[in-house]
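Reviewing the structure listed below.
The values are calculated or read from the model by the stated rules, or taken from the named source; none is laboratory data. Bear in mind the structure is a predicted one, so any value in this text is a computation, not a measurement. Here Cβ is always computed from backbone atoms with ideal geometry, including for glycine, and neighbour counts include all displayed protein chains.
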Amino acid sequence: MTDRAEFLESALLRGAGFRHAFFTRNGGVSTGAYASLSFSVAAGDNAKNVRENLERAGASLGVAAERIHFLSQVHGRAAHELVGGEDQSRVVQLEGDALLSKAPNLACGVRSADCVPVLIADRRSGAVAAAHAGWRGAIQGVVSSAVHALRDLAPHADLIAAIGPHISQAAFEVSNDVAEAILAASHDRGIVDRARDRPHIDLRRMLRAELCSQGLADSAIDDVWGCTVSEPARFFSFRRDGKASGRHLSAIVPRL
């Protein structure tokens, strides 16, 4: 077992000088259904293992493990700002699905296992945001909420974003009612594939269109590819494995 956390990067974010990571499931110490790089005790993993996994994530991001922050995610649109110095155990008790900050030496993160992680950064100020967008959060506009909060924090922002691995359209089968609800909230009418027995939704395409609706150029949005459902060697998946499975971390560090 390697002692190095495995992660994917956005060339766009990296090129703008932002430390970040979309961590895969590999390179941690968790075992069984949580093997090996899982970040959630609430999902059933051992707290000691999660702490070691956070240490490994911190080494990759260049921040202390206790300075990696994430919320109690509720599939909503609430965004919380970190000013620096917050206690990790307090932040995780806050309900919300987007974190943002311009404070140094911390990471804004989200945890996921099929939902879409979106990392956003301001090239001018160095401020960042991380958003967790399941289909319910996507309907409520959590990505727009993160963009608005980041622009309040950095009024002259020049934003770029990366959409990370998640459940792909090929794997995301939904009911007709859910498809209609998602479609009604989308800026792109082409997100639904009705060629099969039940509708399949392209959340990546939906969120890209939402980012564009908030003024980001298409070239300012990067895709970090991967399907959490169809790639069990690389990713955890709630839909594939149920609640007793790991949770990924995706995180970004403000740039000074």
Query raised in the report: Does Ser101 satisfy the criteria of being among the hydroxyl-bearing types (Ser, Thr, Tyr), surrounded by 20 or more Cβ atoms within 10 Å (Cβ to Cβ), at pLDDT 95 or above and within 24 Å of Asp122 (Cβ to Cβ)?
Result: yes
Report task. Taking Thr2 as the residue in question, decide whether it is modelled with pLDDT under 95 and of a type in the set (S, T, N, Q). Result -> yes
Query raised in the report: For residues in segment 72-87 being under 18 Å from the mean Cα position of the chain (by Cα) and more than 22 Å from Ala154 (Cα to Cα), which is surrounded by the most Cβ atoms within 10 Å (Cβ to Cβ)?
Result: Gln73
Report task. Return yes or no: is Arg56 closer than 25 Å to Ser186 by Cβ and among the basic types (Lys, Arg)? Result -> no
Query raised in the report: Out of curiosity, is Gly109 closer than 21 Å to Lys243 by Cα and in a helix (DSSP H, G or I)?
Result: no
**Report entry** Ala121 vs. criteria over 22 Å from Ser40 (Cβ atoms), in contact with a Phe, Trp or Tyr (Cβ under 6 Å, 6 or more places away or on another chain) and either modelled with pLDDT of 95 or more or buried (at least 24 other Cβ atoms within 10 Å of the Cβ) (or both)
**Finding:** yes
Requested in this report: Would you please list the contacts, defined by Cβ atoms under 8 Å and residues six or more apart or on different chains, that run from a residue in segment 8-28 that is free of Cβ contacts under 8 Å to residues at least 60 places away in the same chain and over 17 Å from Asn105 (Cα atoms) to a residue that is among the basic types (Lys, Arg) and assigned to a loop (DSSP other than H, G, I, E, B)?
Outcome: Gly27/Arg4
Requested in this report: Just name the residue that is farthest from the chain's Cα centre (by Cα) out of those in segment 158-176 that are among the small types (Gly, Ala, Ser) and surrounded by fewer than 21 Cβ atoms within 10 Å (Cβ to Cβ).
Outcome: Ser175
Query raised in the report: Among the residues of segment 177-187 satisfying the criterion of being within 14 Å of Trp135 (Cβ to Cβ) and of a type outside the set (A, V, I, L, M), which is surrounded by the most Cβ atoms within 10 Å (Cβ to Cβ)?
Result: Ser186
Query raised in the report: Out of segment 35-63, which residues are of a type in the set (Lys, Arg) and either touching a residue at least 24 places away in the same chain (Cβ under 8 Å) or under 13 Å from Gln88 (Cβ atoms) (or both)?
Result: Arg51, Arg56
Report summary line: Checked segment 13-43 for anything of a type in the set (Gly, Ala, Ser), surrounded by fewer than 19 Cβ atoms within 10 Å (Cβ to Cβ), at pLDDT 95 or above and not in a helix (DSSP H, G or I); matches are Ala16, Gly17, Ala35
